[in-house]
Structure formats: structure tokens, C-alpha cells
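The values are calculated or read from the model by the stated rules, or taken from the named source; none is laboratory data. All values reported here derive from a predicted model rather than from experimental measurement. Note: ideal-geometry Cβ built from the backbone for every residue, glycine included; neighbour counts use all protein chains shown.
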Amino acid sequence: MTNYVVYDVFTTQPFGGNQLAVVPDARSLPEADLQNIAREFNFSETTFVYPPANPAHTAKVRIFTPTMEVPFAGHPTIGTAVALRDLGHRGDLVLELGVGPIPCRFDGEVASFTTSAALERISTPEPALVAACLGVPESTIVNETHVPIQASLGLTFVFVELSDRATLANCQPAIDAVREGARRYPAGLDFAIYAYCKTGDQVHARMFAPLDQIPEDPATGSAAATLAALLTEQLQSAQSILITQGEDMGRKSTITAKTSLQSPVPVTISGSAVPVMEGKLIYSSSSDLETKGD
């Protein structure tokens, strides 16, 4: 039997933030079962931890959504780092992800990671299409800092700024429009949209990826990092932003993103995580999968 733990990430309170299942030692699991296990948990991500390829690093981490393996994601990086710390690791960590080694540090109970991947600008979907995907009037899209843009630091999202918090709260994704976006702009996740509004250093955000079985994500660290890099490049100034996400689905999350004005832009994402469950995988085959909590 293989142990797992479940953490709520980007929160200091159980039952807030974004849920993450972590398998701290996945060496005994068949490769073919990893996607099934992630689908069984049905969280936005599940991580599987292995010994590192480089012995100077802490661990190799593979990240799965319910539908696919992804090279990088923020809340799994923070949550896995905290889980490994809680399981006995001391000091800073370096996690080997699909985008390369990511250093993780601790300041008390707050974990952080830094990525210096170059911002990839993939496409600029039409505002009318993005508005239709979100179920909001096109006039509520703000284009001053950037037009709707599909961008990535390892995981792709469409970034769109909205006029105010009320408009953000009123978003009601339209699945047919999202399918059209995915058809016209294929890249990584299927037209996942990160909508936000910004006042000074305060950002409120929501992320929708309904075609990837993530109707709404309560905290999206990889998108927060990409947004911070995008704003840094567009405004030509270092950023220090506090992102609140998940409020409209009852799982408030808090993410801090900081950058410096360099090329490529280094982004540090910080947040907390708390344990909520532990248990064992007790299935006998990929077709007979269940989890049992302790």
C-alpha cells in the first residue's frame, strides 16, 4: 500500500485554498496508474514524488491534473514542498519539475519558489471570444495594460483583465465558447482562462478550465506567476502583488507574487499550506481503484 497526504494550499485554514494530493513515495506505483489516481482524487492537481535525478536536489515531482500530466504548476509546488518539510526534510529544497529544477524556501510557515523561465506569448484571442467564454460583456474587458493574451511560464492560460470586482464575480463560463477557443487556440490546457481585476497592488482573480475537468480553480500559482511576469514586462516595473482567488467558490486563497526587472523576469510565488487528510492507496489494479483514509 502507498501512503498519500492531502493539503489545502495558499491558505492557513483547513477547507480553504486549493486541494492537493501528494504521494510522497511513488516508486511502487505503475506508470499506467498515475493518471487514474489523479482522476480518482479529482483535485485540480495531484503530485507524485520520486528520488531526484541529481543527488544534489531534493526530489523529482510529477504533476497530474484529472486529464493530463503538466510540467509545472504553482500550488502543487508549494504544497509538495510543505508536505516534504512536514515529513522530515530540513532546510531549503530543490524540486525537479518538468520545467527544470525549482528552488523552494521557507520563511516560518510560508513557502516560496522562484521561477526564471522566459515568458512565452502564444496568441492574442479576440476580446469578443474571451468575453463570450466568460459570459460577460465585451465592454468590461480592460485593454490598457494588455489585450487578452494566451501566455505561459510552463502552463498556458488566457489572461484577461476585467473592469471591476462585480464583473469578475458575475463570470459564468460558456462551455461552447470555451470549446471554440480551444479549437482555434490549442496550447497546453484547453483554453483555460485567468480573469482578474486589479486595484494598486491588490488583485482578485478567478481561473476556469472546464474542458480539463476544472470548472473553477481556487488558487492557481502558475497563472499568478505568469501574470506577474506579464505585468512586469508590460509596465516595465518590478511587481509585488497580493492575489486573492477562490472567494466566489467559498475557498479563499492568498498568493503573493514578486518580480524584479530583469530578462527573463524572475518570479517568486509565496504562500502557506495546511494538512487536512492522510491515507493509503489500496487498489489491486487500474480497473479497481479506490482510496481509503486513515
Open item on the list: For segment 192-211, check the following and say yes or no: at least one residue is part of a loop (DSSP other than H, G, I, E, B), buried (at least 24 other Cβ atoms within 10 Å of the Cβ) and assigned by TED's automatic domain parsing to the domain that holds VAL136.
Closed with: yes
- [ ] Identify all residues within segment 2-22 that are in a loop (DSSP other than H, G, I, E, B) and on the phi < 0 side of the Ramachandran plot; write none if there are none.
- [x] THR11, THR12, GLN13, PRO14, GLY16
Task: Breaking point among (1) surrounded by fewer than 18 Cβ atoms within 10 Å (Cβ to Cβ); (2) part of a strand (DSSP E or B), for GLN262 - done: (2)
Task: Failed item, numbered, when ALA187 is tested on (1) assigned to a loop (DSSP other than H, G, I, E, B); (2) closer than 22 Å to VAL9 by Cβ - done: (2)
- [ ] Output the number of residues of segment 161-179 satisfying the condition of being touching a helix residue (DSSP H, G or I) at 6+ places or on another chain (Cβ under 7 Å), free of Cβ contacts under 8 Å to residues at least 60 places away in the same chain, part of a helix (DSSP H, G or I) and exposed (fewer than 15 other Cβ atoms within 10 Å of the Cβ).
- [x] 1
Task: Single condition ALA83 does not satisfy, out of (1) in the same structural domain as ILE255 (by TED's automatic domain parsing); (2) surrounded by 15 or more Cβ atoms within 10 Å (Cβ to Cβ) - done: (1)
- [ ] Read through the list (1) in contact with a Leu (Cβ under 6 Å, 6 or more places away or on another chain); (2) crowded, with 23+ Cβ neighbours inside 10 Å; (3) of a type outside the set (D, E, K, R), then give the number of the only condition that THR2 fails.
- [x] (2)
